[in-house]
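To keep things clear, I will list the structure first and then write my remarks on it.
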Amino acid sequence: MENLPKGFRYSKSLGQNFLIDTSVPCKIAAAADVSGCNVLEIGPGSGALTRELLPLVKKLLAIETDARLISVLQSEFAAETNFSLIKADAMRADLSALCDEYFGTDEPVKVCANLPYAITTPILTKLIEAKRFSSITVMIQREVAARICAKANTPDYGAYSLFAQYHTSPERHFDVAPDAFYPVPKVTSTVITLSPREVPENPRLFRIIKSAFAQRRKTLANALSAGLQIPKDVTVGALKVLGYNANTRGEVLSLADFLRLGEYLAVSINP
Ligand code: SAM
């Protein structure tokens with residue numbers, strides 16, 4: 001990080017833990033499979049991953065919110081013809097529109113980023129819901145990666161696992177220890193790739209999932225009845241069709257089970 005100005009104060013709220021282990025960026029680029037691709041990088045920081053990506057990709061669009069880093073990145077990468085840098089808050093920016101403008105409307109775009117911890121889940125949700133990216137490879141907290149990849153009946157499984165697994169196929173690549181970063185974070189990181197699946201919008205499914213996990217101490221039959229405002233005998237009947245009893249808990253049902261439950265309850269609840 002020799003390119004940072006002397007006395008640079010790392011922002012905790014912007015999740016500024018920069019990669020200092022030089023072996024990690026090339027492993028992330030390999031996991032993202034970026035050769036010859038258009039790539040969106042969120043939070044390039046002082047350029048550790050950007051430096052690795054640029055020689056490999058067709059074009060790279062980087063979005064950084066910290067003005068101090070914009071000048072650092074511009075002075076290092078300004079001469080690169082396949083590079084564009086935008087100062088923006090990735091949570092507020094219209095990422096699809098920015099990609100359409102820079103890469104072209106019909107051009108596939110992959111995301112490759114070391115995400116700031118504070119916005120991991122909201123930014124991932126935004127990237128998934130944008131339906132603009134052909135793959136999303138990100139370094140995030142190990143705990144969040146575990147939730148995203150968790151299967152039914154495991155401690156990390158919940159509503160976010162189902163959201164991620166309905167829209168994408170998640171793949172866990174490798175862990176990165178805290179000492180690969182400066183400043184050293186308190187948590188271990190994990191690199192994952194989310195490959196989008198072609199699935200229809202399914203608001204009913206997510207109403208059911210939200211109700212199922214909203215009150216974890218309740219049985220599933222009670223949680224669904226309360227959350228969806230339908231009689232308990234309907235939810236008990238639906239669970240019975242799936243082969244579960246009234247005392248089952250939400251954590252037991254797989255995504256396939258929730259999809260079947262959605263079909264069965266379709267007549268009883270609004271979409
Ligand atoms: N890519 C660099 C690396 O691996 O060393 C830096 C990663 S650091 C974990 C996260 C970066 O995201 C920081 O540079 C931070 O300023 C930037 N950032 C934080 N919030 C952001 C936001 N809402 N939009 C865009 N960039 C953001």
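The values are calculated or read from the model by the stated rules, or taken from the named source; none is laboratory data. Since the structure is predicted, the reported quantities are computational estimates derived from the model, not experimental observations. Here the Cβ positions follow ideal geometry from the backbone for every residue, glycine too, while neighbour counts run over all protein chains shown. For the accessible areas, the whole protein counts, side chains as well, though only heavy atoms, and no ligand, DNA or RNA atoms are used. Shrake-Rupley method; radii C 1.70, N 1.55, O 1.52, S 1.80 Å.
Quick notes
- Amide H to amide H distances under 5 Å link CYS37 with LYS58, where only residues 5 or more positions off or on other chains count and H is placed in the peptide plane.
- Rule-of-thumb Rg ratio for the stretch 18-196 [Cα; 2.2 N^0.38 Å; N residues]: 0.98
- To the nearest ten degrees, helix 120-130 and the longest principal axis of the Cα atoms of the chain are 80 degrees apart.
- Under 5 Å between amide hydrogens, built in the peptide plane, is the criterion, and for THR137 it picks out VAL111, CYS112, ALA113, LEU194 among residues at least 5 positions away or on other chains.
- Between helix 67-77 and the chain: long-axis angle, C-alpha atoms, 0 to 90°, nearest 10: 60
- Between the helical axis of 255-265 and the longest alpha-carbon principal axis of the chain there is an angle of about 50 degrees.
- Shape call, the stretch 203-265: gyration tensor on alpha carbons, a/c limit 1.5: rounded
- Carbon + sulfur, % of accessible area of the stretch 97-140 - ligands and nucleic acids excluded, 1.4 Å: 54
- With every protein chain in place, the stretch 203-265: carbon and sulfur % of accessible area (1.4 Å): 51
- Taking all protein chains as shown and a probe of 1.4 angstrom, VAL241 keeps an accessible surface of around 80 Å².
- Solvent-free Debye scattering, log10 I(q)/I(0), computed from the Cα coordinates of the stretch 155-271 at q = 0.09, 0.17 Å⁻¹: -0.32, -0.82
- Simple spin-label estimate for SER84 and LYS240 gives 6.0 nm between the two label positions (7 Å along the Cα-to-Cβ direction from each Cα).
- For the stretch 4-22 versus the stretch 108-175, the gap between their alpha-carbon centres in whole angstrom: 24
- VAL267 contributes about 140 Å² of solvent-accessible surface, heavy atoms of the protein only, 1.4 Å probe.
- Pairs of Cα atoms nearer than 8 Å and 6+ residues apart set the relative contact order; for the stretch 18-196 it is 22 percent.
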